[in-house]
Amino acid sequence: MPSPEHEFLTWAALDAISNASKSQLFKYCEAGRKKFDFACDITRVWSKAISGQTIWKHDRDGIDKDLRTLLSDPDSSANVYVARDSMKTRARLSEVVSDYRNSPMRDRLARLRVFWIPEDFDADNEVARLQVKGILDEEIRRDLLMHVALGGLNSEDVLNVTLSRRFGMPIWMLAYLASNPVGNYTRWKKDTDFSVAILKEEALRLELSGMVDRAGGFNSHEWDFAGWPSIYRLTEKGKAMLDIASRLHDQMQNEFFRNKEFEHICRLLGIHHREYDLSAFYEQTEASLDLALHHPTAMLLAHIAHASESDRVDWPVAYYDLPEA
């Protein structure tokens, strides 16, 4: 029979993912457990399965079985292991990981996420439960969800977007590529008032941030519907950035709307929008433009405001949780 610690940690891991989905950046649905302690699906324009095991009192063979069960599952995009932080557990986990590194399935190790829980955790202690729940909430948001749900987006990527001094252009380009996965500079020039040189500069900035990638070229067999050779397309990271810009746009339209989970994810990305008068960026006051030139978050808000007023952006809608399976 599972220990109280095992049951609490299993619940807490799923609850952390479920709570993070209230950011409306992805949907959450608890899934059938099959052979795991917990499982769920997270959905954006794709659906990714997360499976997990919890270890608290397992012996050496139990640890080995847990890890091999997780890593051998072909359907999971991420494997979560919530483990008691002891020398014995760390040593056995290291042995299994080492075995996998020398096996044909070594690539699956990239899916593994281990979250360590203090060895003296007592589920009967309310203070300890609150502390451990806080640890799991923070680490699952920072590691698992940023990599799986948001394509690895981080604060440095967001900062790179704000380095553009052409107000609105990075957001517009992300939105353009979201509905035109392939294209070319000639067409972009026709769709905008920007020169090819400017388009290339801004596209390169997004490419270096990992938000777009090249989908071929003149020697590629991948062509767009009009017969042009493909150039750029939006990556998962770029889609996540556009979704975050869209949720920020919602809050700039209604400053009284608050979303605690979304704002926490923003802070992890270095976005501190609640420090500013959001409506000022739509009014394009001299003070707001001056702020934008000196503060990254203010520049991001200015980009969003200018992109919105250009009528060139179809803002992605929010994601809502799916009914439980």
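Between residue 116 and residue 3, take the C-beta separation as r, use R0 = 25 Å, and let me know the FRET efficiency to the nearest 0.05.
0.90
Can you give me the Kirkwood hydrodynamic radius for the stretch 4-148, using every pair of distinct Cα atoms, in Å to one decimal?
By the Kirkwood definition, the hydrodynamic radius is 15.5 Å.
Stretched out fully, how many nm does the piece from residue 277 to residue 310 gain, at 0.36 nm a residue minus the Cα gap?
Once the chain is fully extended between residue 277 and residue 310, it gains 9.8 nm.
When the distances between all Cα atoms of the stretch 155-309 are binned every 5 Å from zero, what whole-number percent does each bin get?
Spelled out per bin, shortest first, that is 2, 9, 19, 21, 19, 13, 8, 5, 3, 1, 0.
Return the FRET efficiency for the residue pair residue 86, residue 186: r is the Cβ-Cβ distance, R0 is 56 Å, and the value is rounded to the nearest 0.05.
Details: r = 62 Å, r/R0 = 1.10.
For residue 86 and residue 186, the calculated efficiency is 0.35.
To the nearest 0.05, what FRET efficiency results for residue 124 and residue 254 with a Förster distance of 51 Å applied to their C-beta separation?
E(calc), rounded to 0.05, equals 0.70.
Quick one: length gained pulling residue 131 to residue 34 fully straight, 0.36 nm per residue minus the C-alpha distance?
32.0 nm
Please report the spacing between the Cα centers of the stretch 1-78 and the stretch 248-266 in Å, no decimals.
28
Quickly work out the residue 77-to-residue 49 label distance, labels modelled 7 Å from Cα along the C-beta direction, and quote it in nm with one decimal.
The modelled label-to-label distance comes out at 1.3 nm.
Mind telling me which of 295, 272, 264 comes out most flexible in a GNM of the chain, alpha-carbon contacts under 10 Å?
Answer for the Gaussian network model of the chain: 295.
Before rounding to the nearest 500, sum -39500 (n - 2.57) across all DSSP H runs of length at least 4 in the chain and divide by the residue total; then give [θ] at 222 nm in deg cm²/dmol.
Value at 222 nm, helices only, nearest 500: -14500 deg cm²/dmol.
If the chain between residue 287 and residue 19 were fully stretched, how many nm would it gain, using 0.36 nm times the residue separation less the Cα-Cα distance?
92.8 nm
Springs between alpha-carbon pairs under 10 angstrom, Gaussian network model over the chain: which of 170, 118, 104 fluctuates most?
104
Per residue Cα convex hull volume for the stretch 131-215, in cubic angstrom?
Considering the Cα atoms of the stretch 131-215, their hull volume per residue is 108 Å³.
How many percent of the alpha carbon pairs in the stretch 130-172 exceed a separation of 14 Å?
It works out to 62 percent of all Cα pairs.
Compute the helix-to-body angle for 126-139: its Cα long axis versus the longest principal axis of the chain, expressed 0 to 90° and rounded to tens.
Computed tilt is about 40 degrees.
Which whole-number percent gives the relative contact order of the chain, counting Cα pairs below 8 Å spaced six or more residues apart?
Over the chain, the number comes to 21 percent.
Tilt of helix 4-20 relative to the longest C-alpha principal axis of the chain, in degrees (0 to 90, nearest 10)?
Orientation of helix 4-20: about 10 degrees from the principal axis.
Rank 175, 102, 81 by how far each Cα sits towards the positive end of the charge dipole of the chain (+1 on Lys, Arg Cβ; -1 on Asp, Glu Cβ) and give me just the farthest.
After comparing all options, I get 102.
Relative to the longest principal Cα axis of the chain, at what angle does helix 296-309 sit, 0 to 90 degrees, rounded to 10?
Compared with the principal axis, the helix lies near 60 degrees.
Compute the Rg to Rh ratio over the chain from the alpha carbon atoms, using the Kirkwood formula for Rh, and round to two decimal places.
1.03
No value in this document is a laboratory result; all are computed from the given coordinates. In this text the structure is predicted, and so the values were computed from the model without any measurement. FYI the Cβ positions are ideal-geometry reconstructions off the backbone, even for glycines, and counts take in every protein chain you see.
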